[in-house]
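Okay, structure first, notes after.
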Amino acid sequence: MKIVSLLPSTTEICFALGLGGSVFGVTHECDYPAAARSLPQLTRNVLPAGEYSSAEIDRMVAERVLNGCAIYDLDVALLAALEPDLILTQALCPVCAVSYDDVVGAAAALPRMPRVAAFEPHTVADIIASIAEVARLAGVPEQGDRLCTQLTDRIAAVQRRVVALPAVRVLCLEWLDPPMVGGHWVPEMVRLAGGIDVLGVAGQPSVPVSWPEVEASDPDMIVLMPCGFDLPATVEVAAEL
């Protein structure tokens, strides 16, 4: 089976399932594991090149979304050349990856339409289920079962270690200007690790907040996790605080 993964998360899932040799194309953001970096990249960011503040990036993205313009470009010619059997994508966030509609449209235009699987996890359980679904679609359900069991066991081990520790108040920011708190599975991850997410709501979308709300939340710890940023870029943008 030839797989094209249009999400960093599904790329990592494929490799964790032992399917790295079946992945023939990825996105420009797929950098883990290292082997994924050498695969053909089917996407690119269409925002103007340059160094921008969080506020400037937010403005450019908002303008493109308002005008119905894509944030990412999909290399349809390369997709056709790769002739995938399965495309892994998402329909959860319109600005986090190539849009689902664009992926389906590109797939439908191929001489032989591949299966397109979109993932929309909202909770940790949904993420585990997504792993099992990727394994099923790729024809390796047993490997999916093993990996899901390993991950749930690791989560349980963490919970046992933190159960007697004082809870830490945590603020998770996935954007800085405007400030936006992480939602979906992030507050649940904080809870499983022994913390209390002071503003995020488990299973609900990420939402913008005001700086007075941030200050009033009185966190013990702030986790900076700006969407699409690697660690060096996150350290750099932290200076905006």
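Some observations on this one:
- Counting only cysteine Cβ atoms and a cutoff under 4.7 Å, the chain contains unmatched residues Cys14, Cys30, Cys69, Cys148, Cys172, Cys227.
- Overall, region 168-240 carries a charge dipole of about 260 debye about its Cα centre when +1 sits on the Cβ of Lys and Arg and -1 on the Cβ of Asp and Glu, all other atoms neutral.
- Estimated D of region 95-171 in µm² per second, where Rh is the Kirkwood radius over Cα pairs and Stokes-Einstein applies at 20 °C, 1.002 mPa s: 138
- Put the Cα centre of region 97-128 next to the Cα centre of region 59-80 and the gap is 16 Å.
- Local electrostatic count at Cys96 - Lys and Arg +1, Asp and Glu -1, tallied over other residues with Cβ under 12 Å: -3
- Dipole magnitude for region 109-228: about 560 debye, using +1 per Lys or Arg Cβ and -1 per Asp or Glu Cβ, origin at the Cα centre.
- Gain in span if fully extended, Arg112 to Met1, counting 0.36 nm per residue against the direct Cα distance: 38.6 nm
- The dipole here belongs to region 3-149: it is taken about the Cα centre, uses +1 on the Cβ of Lys and Arg and -1 on the Cβ of Asp and Glu, and is about 260 debye.
- Alpha-carbon Debye profile of the chain, log10 I(q)/I(0) at 0.10, 0.11, 0.12, 0.18 Å⁻¹: -0.54, -0.65, -0.77, -1.47
- Unit charges at the beta carbon, dipole of the chain: most positive-side option, Ala97, Ile155, Trp175: Ile155
- Semi-axes of the equivalent ellipsoid for region 168-240, Cα gyration tensor, largest first, Å: 18, 14, 12
- Positive dipole terminus of the chain, leading residue within Leu82, Phe229, Val190 (C-beta point charges): Leu82
Read-outs: derived from the displayed coordinates by stated rules, not from any lab. Everything quoted here is computed from the prediction, not taken from an experiment. Don't worry about glycine lacking a Cβ; one is built from the backbone with ideal geometry, like all the others, and counts go over all protein chains shown.
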